[in-house]
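Right, one structure below, let's go through it.
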Amino acid sequence: MPRNYTPGRQPGAKHPSQRWRVQPLSTYLGGNRSSRCIQDISRIPTMDVTLEGIDPATPRAFLLACVTLLFSLHLWRWLGQRSVPGPPGPLAWPLIGNAAQLGKLPHLYLTRMAQKYGNVFQIKLGSRTVVVLNGDSIKQALVKQGTDFAGRPDFASFKYIFDGDSLAFGPFTDWWKVHRKVAQSTVRTFSTGNTTTKKTFEHHVLCEFRELLQLFVGKTKQHRFFQPMTYLVVSTANIMSAVCFGKRYTYEDEEFRQVVGRNDQFTQTVGAGSIVDVMPWLQYFPNPIKTMFDNFKKLNLEFGQFIRDKVIEHRKTIQSSITRDMTDALIMALDKLGDKTELTGGKDYVSPTMGDIFGASQDTLSTALQWIVLILVKYPEMQLRIQQEVDKVVDRSRLPSIEDQLQLPYIMAFVYEVMRFTSFVPLTIPHSTITDTSIMGYTIPKNTVIFINQWSINHDPALWSHPETFNPQRFLDQNGALNKDLTSSVLIFSLGKRRCIGEELSKLQLFLFTALIAHQCHITADPARPLKLDYNYGLTLKPHAFSIAVSLRGHNMSLLDEATRDAEDYSQLHITGKTQPRRRQTGLTSPDSCRNGSLVILV
Ligand code: HEM
């Protein structure tokens, strides 16, 4: 059929008033046209169609309607965006955004911005938009809209942590939900699950505390004053190593010190505001950020290898009737799950999970202990008050224990005040939105990076009187009891779907350690070096180096010696009631369970 055919007319004949050139709609709307389309139109002029019997106003009206509809749609969307706008925030520089303004202590800058722009504001870091949540908006996002805010950003650094299979740094998926439950219940089974597991855990703490105190007293005799930071890291790592792998290390063990001695490098790279994550192009030419990132990759490789070796060793010696430690428990739980579900994609998640538990626990807990020791010497009157409380409740004839916790409210108030005042995890691990959402009237698109500013809550003058003053008394009511409403207002373990899985274990350990320090020794500062409470920023805030001297409060350490000599009895603690002599049960044992840390839990 000829192209210019019009029914009822001869080809080529045209009605003068009813000849319409039908062209692509985009031609009228000024939309995109391919060059091919333009050529076609010029070569084959146009399709001439005469619309006999049709009012010429109709196609025009149709076009007008289309344009109006599209315009209205645009207007509607624009007005929609205006009625739920993105959060306000400071002006950003091209290329780097607000990165330079973060300074050395980003949490303080972010808290200042919250005072200026409100609890929800946004900044630009490199090319990434980051929404920062402060104050009330944190509970709203993490608890009430928990799923929307439960993601992790696709940051460069996160991908190097167990090849992206980490629970803590990995995305929010169906597998993640199952994985987290297994990890959480494993942690509980080896710490706060029940009275028996609590006692086993307490025994690990006692063993390690004895070693540490002996070392501290020795160092004081040798040097008068010494820096305790590294020993506190090794000591904490040893408690977790005993629980995780059934093994403790000596303070001189070079491999162990290498593995746990680079927490600061790790936390500086994954902490909120880490530059390489928002300007990944810095990895590709020599500069200090690249050097730092290369070190980060190396330490992750070495840490990963340390954990993988432990898992391999465990797989070789595991027996189905005995669960020696967390690694055994996790191997059994995850292998069973792997057989049942497709969600794992055939991957072995034991090493990444043990890496998460061991890594997250020893870094945070050792930082907490460093702060506790520093503050005890900074405020000697508080150290004295704790000693008086523990002497009164426990007396000098036995050691403090878990059962004493309720009767030692000042110690708990002190621990909570250390957590509030230092806020040593000032921002959580960065989150991201997993869907388009809104908060406090602001729209937040999917995949937006979210910083959770825990510091802003712990230092909010509306919540705490004189928040910049260290005062444990604030947590005690007029009867001297712990005010639970106030303690639950301290935010350091985060909230909601990503809330820390080690919270209960941590509180138990920090209580025990503080009570044992107060009961067993006296710590003093080096008068030649005035104590400051300065710190370096990272995922955890690490206090600057400080020096102390440690002396025993009693004549000797006989209570600790006695308690840890009972190790063989504790090694027969079990969950189901079966006990067996442990030396026959595992390949990781030695006669003294305090020496290698392996206490056996039978399941
Ligand atoms: C005082 C000690 C501790 C503090 C202050 C602390 C704090 C935190 C914080 C703030 C987060 C990030 C939550 C978020 O992104 O919203 C976290 C995550 C995590 N913590 Fe802890 N933590 C401590 C001890 C521990 C211990 C002892 C363990 C293990 C036994 C542990 C295991 C984890 C894990 C696995 C995650 C990742 C959770 C997830 O992404 O779902 N933490 N912790």
*What are the residues whose amide H is under 5 Å from the amide H of Asn536, where those residues sit 5 or more places off or on another chain and H is modelled from the backbone?*
Lys542, His544
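What's the FRET efficiency of Trp281 with Gln214 using the Cβ-Cβ distance as r and R₀ = 60 Å, to the nearest 0.05?
Working: r = 51 Å, r/R0 = 0.84.
The pair Trp281/Gln214 has a calculated efficiency of 0.75.
Do any trypsin sites (Lys or Arg not before Pro) in the range 93-179 lie in a DSSP loop with no more than 16 other beta carbon atoms within 10 Å, and if so, which?
Values: sites: Lys104, Arg112, Lys116, Lys124, Arg128, Lys139, Lys144, Lys159, Lys177; in loops: Lys104.
Listed in order of number, the matching sites are Lys104.
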*How big is the range 460-502 in terms of Cα radius of gyration and Dmax, in angstroms?*
12.5, 36
_In Å, what Kirkwood hydrodynamic radius results for the range 92-148 from the alpha-carbon pair distances?_
12.1
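So, counting K/R as plus one and D/E as minus one, what does the shell of residues with Cβ under 13 Å around Ile96 add up to?
Details: positive: Lys124, Arg128; negative: none.
Local net charge: +2.
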_Charge dipole (the range 326-475, unit charges on Cβ, about Cα centre) - positive-most of Met354, Ile452, Tyr379_ = Tyr379
*Please name which of Ser137, Gly118, Phe158 has its Cα lying farthest along the dipole of the range 116-164 towards the positive end, using unit charges on Cβ (Lys, Arg +1; Asp, Glu -1) and the Cα centre as origin.*
Gly118
_Please compute the modelled spin-label separation between Lys139 and Arg398, points set 7 Å along Cα→Cβ, answer in nm with one decimal._
3.9
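Please work out how much length the chain gains when fully extended from Glu503 to Ser551, using 0.36 nm per residue of separation minus the C-alpha to C-alpha distance, in nm with one decimal. Before the final figure, lay out each step's value.
Numbers: separation 48, 0.36 × 48 = 17.28 nm, distance 3.09 nm.
Taking 0.36 nm per residue and subtracting the Cα distance, the gain is 14.2 nm.
Around Phe414, what is the net charge, scoring Lys/Arg as +1 and Asp/Glu as -1 over all other residues with Cβ under 13 Å from its Cβ? Present the calculation step by step, with values, prior to reporting the outcome.
On the way: positive: Lys378, Arg385, Arg420, Arg474, Lys507; negative: Glu381, Glu389, Glu417.
It works out to a net charge of +2.
What is the ratio of the Cα radius of gyration of the range 312-398 to 2.2 N^0.38 Å, where N is its residue count, to two decimals?
On the way: Rg = 21.3 Å, N = 87, 2.2 N^0.38 = 12.0 Å.
Its radius of gyration relative to the 2.2 N^0.38 Å reference: 1.78.
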*Pull out the extension gain between Met440 and Tyr379, defined as 0.36 nm times the separation in residues minus the alpha carbon to alpha carbon distance; nm, one decimal.*
17.9 nm
*Ordered by packing density, taken as the mean number of other Cβ atoms within 10 Å over each peptide's residues, highest first, how do 281-292, 250-261 rank?*
250-261, 281-292
_Calculated FRET efficiency for the pair Gln115/Asp534, C-beta based, R₀ 30 Å, to 0.05_ = 0.85
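Summing +1 for each Lys or Arg and -1 for each Asp or Glu, what net charge is found among the other residues whose Cβ lies under 15 Å from the Cβ of Val130?
On the way: positive: Lys124, Arg128, Arg152, Lys446; negative: Asp154, Asp277.
Net local charge, Val130 excluded: +2.
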*With unit charges on the beta carbon (Lys/Arg positive, Asp/Glu negative), name the residue among Phe149, Phe169, Gln214 whose Cα is farthest towards the positive pole of the charge dipole of the range 143-266.*
Gln214
*Please work out how much length the chain gains when fully extended from His544 to Asp348, using 0.36 nm per residue of separation minus the C-alpha to C-alpha distance, in nm with one decimal.*
66.7 nm
*Where labels lie 7 Å past Cα in the beta-carbon direction, separation of Gln407 and Lys298 in nm*: 5.3
_At 7 Å along Cα-to-Cβ for each site, give me the label-to-label distance between Ser465 and Asn483 in nm._
0.9
*Under a cut-off of 12 Å between alpha-carbon atoms, report the aspartates and glutamates in cross-link reach of Lys347, not counting same-chain residues fewer than 8 places apart.*
Asp163, Asp165, Asp335, Asp339
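How high is the FRET efficiency from Leu108 to Asn194, r the C-beta distance, R0 51 Å, rounded to 0.05? Intermediate values should be presented prior to the final figure.
Values: r = 42 Å, r/R0 = 0.82.
Plugging the Cβ-Cβ distance into 1/(1 + (r/R0)^6) gives 0.75.
Read the figures in this text as sums done on the coordinates, not as results from a lab. Here the structure is a predicted model, which means the values were calculated and not measured. Reconstructed Cβ throughout: ideal geometry from the backbone, glycine too, with neighbour counts over all protein chains shown.
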